[in-house]
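The structure appears below as structure tokens.
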Amino acid sequence: MTFSEGTLSVLIYGSLIWCGLSALGLAAMLIRDGKSGEIW
Amino acid sequence: MAEDKVFLDPTVGWILLALFSVLWIGLGVYWGRRNKSFEDHALAGRNVGLALGTATAAATWITSNTTMLAPQFALQLGIWGMLAYSTAAFGLILFAPMAKRIRQLMPHGYTSGDFFRLRYGRAAWAIFLVFTLFYSLTWLVSMAMAGGILLEALAGIDYAWGMSVILAVCVIYTMRGGLAAVIGTDFIQSLIIIVGICVTGFAVLQNVSVSEIHANLTATKPALLDVLFPAAIMAIFNNLLFGLGEVFHNNVWWSRAFAFREGVASKAFLMGGLVWLPIPIAAGFIALASGALGVAVPSADMVGPLVIAEVLGGVGAVAIFIVVFCSLASSIDSLLAATSDLVTEDIWRRLLHPSSSADNLKRTAQWVTLGLGVLTWLICLPRIGTLATVLFFAGPLVGSMIWPIVTGLYWRSANTVGAIGAMVLGASVGLYFYFAIGFYVATLIATAVSMVWTLGACALAKGRFDWTRLKEAA
């Protein structure tokens, strides 16, 4: 039994999109923290 | 391989190294101006917000191993290899509720050593310090060595120079800026790493489709697609437990739990784990594409840079250089800061100079950081090639501490006999099987033995721990 092409696609594209969203999320959180004076 | 071909012109490598060195040191000095006391220096004033908290949890866990070893895992163990590496994220995710508990139980705590001393007494504390300092120094040395080796392989920068520069830069900004500098630079480094991996991943997919990768693997290396690949499935358990043990015990993570603002710790570790989770797959799949792209891989540990440089040329080589440099710096600085705080708080303050002033402790922490840097440099200089093995050797030590920490945080029945026995017995049996069978079972066995002993000691315990004893005044 082997991993299908579909599974591999989901893993690869899913991880790359997840990384992209993580970077955007971190930047958005920093802006939000900055606005409320809670960076540190 | 490193001697045969480099990916980047050495002059470009040196320019990049110089630019980032100036940036990190400048930021370290700038952020260090906020630090007035040991608490500011060691814990960034205990007021770190969610964005920086999340980023530093993720960035510290992204070592050069994540960006370089994940592709090697994929090349050797296939899809399960990438997934196995990803399980290390559960160390951060499962630490999230513990971080909240740590913050509640020890509002004035500084280190994971404080927990062992107050919870289990001096004998358990001493064993913990030996285990954790051995592990931390090994990790630090392996990261600095990896820095020298990778900079030489990527840009032809001499090993001794590359290792010395990256170590010196991290020592300088950690000394000057303390944890604030470490966490601040971690944020920038995490963004660079994540964006770099994401962009290079999509760029590779412009040159080869998933369909072609799958077809090539099916034809040439079907084992890498095997759902029942035994060695890879074993790797999942080993990686998972190693990750849990490392995060649960090491002061790198405890110091962050103490440093994060009230209410932030659990969210930051949970989100940090989720940010980290896809990175081994995003970085690792590139290795699976090597066959479909026709890239020869003479050395498995350099498969990531080989594929990226082959497909993306000079731009790809610059990208991988920057990602690797940031991965190294984000881990080395954290280890320097957390280990120097452990030595300063647990050995200097609690054992040698209990009446030290806040200012004295801050200066001591800075000198300890410098001393650690010099010690690491001296160990790294001869370029011993076996440190990866030593790091695996630390696996049983790390695994044996999981249960004393978890039960000690949640169960009043957890006790000194249980903790000491779990660490000594678990580590001893684990190390025996490390030599008798192999590294891949050592952590698992150490953790299992430690668990049985701890649970037995808890079941037989008559006394109940008073949680207020952990609220020791600073």
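Dividing the mean sequence gap of close Cα pairs (under 8 Å, 6+ apart) by how many residues region B:1-110 holds gives a relative contact order of 14 percent. Once the Cα atoms are used to define both axes, helix B:265-276 deviates from the longest principal axis of chain B by about 20 degrees. Over region B:178-292, Cα pairs under 8 Å with separation of 6+ residues give a relative contact order of 52 percent.
Of the chymotrypsin sites (Phe, Trp or Tyr not before Pro) found in region B:143-196, not one falls in a DSSP loop while having at most 12 other beta-carbon atoms within 10 Å. Exposed loop sites are taken as GluC sites (Glu not before Pro) in a DSSP loop (any state but H, G, I, E or B) with at most 15 other beta carbon atoms within 10 Å; the longest stretch of chain B without one runs B:4-261.
The dipole here belongs to chain B: it is taken about the Cα centre, uses +1 on the Cβ of Lys and Arg and -1 on the Cβ of Asp and Glu, and is about 1840 debye.
Counting other beta carbons within 10 Å of each Cβ, put B:M234, A:M1, B:M175 in order, fewest first.
A:M1, B:M234, B:M175
Pairs exceeding 19 Å between alpha-carbon atoms, taken from B:K100/B:K471; A:K35/B:K100; B:K36/B:K267: A:K35/B:K100; B:K36/B:K267.
Averaging the Cα positions of each part gives two centres, and for region B:22-73 and region B:422-448 these lie 32 Å apart. Helical runs (DSSP H, four residues minimum) scored at -39500 (n - 2.57) apiece and divided by the length of the protein assembly as shown put the mean residue ellipticity at 222 nm at -26000 deg cm²/dmol.
Based on Cα contacts under 8 Å between residues 6+ apart, chain B shows a relative contact order of 30 percent. With unit charges on the beta carbon (Lys/Arg positive, Asp/Glu negative), name the residue among B:V29, B:W125, B:W14 whose Cα is farthest towards the positive pole of the charge dipole of region B:1-157. My answer, from the dipole projection, is B:W125. Our note on the geometry: Cα centres of region B:149-176 and region B:219-278, 27 Å apart. Kindly express, to the nearest 10 degrees and within the range 0 to 90, the angle between helix B:279-288's C-alpha long axis and the longest C-alpha principal axis of chain B. Taking Cα atoms only, the helix is inclined about 30 degrees. Charged side chains reduced to their Cβ positions (Lys and Arg at +1, Asp and Glu at -1) give the protein assembly as shown a dipole of some 1920 debye around its Cα centre.
Taking 4.7 Å between C-beta atoms as the pairing limit, chain B has these partnerless cysteines: B:C170, B:C326, B:C380, B:C458. Take chain B and mark each of the trypsin sites (Lys or Arg not before Pro) that is in a DSSP loop with at most 10 other Cβ atoms within 10 Å; the longest unmarked stretch, sites excluded, is B:34-461.
Computed from point charges on the beta carbon alone (+1 for Lys and Arg, -1 for Asp and Glu), the dipole magnitude for region B:121-234 about its Cα centre is near 340 Debye. As I understand it, the dipole of chain B uses +1 on the Cβ of Lys and Arg and -1 on the Cβ of Asp and Glu, about the Cα centre. Which of B:A319, B:P107, B:G430 lies farthest toward its positive end? Highest projection toward the positive end goes to B:P107.
Every number in this text was worked out from the coordinates using simple rules, so none of it is lab data. Given the structure is predicted, the values throughout are model-derived calculations rather than measurements. Neighbour counts are summed over all protein chains in view; Cβ atoms, including those assigned to glycine, are modelled from backbone coordinates with ideal geometry.
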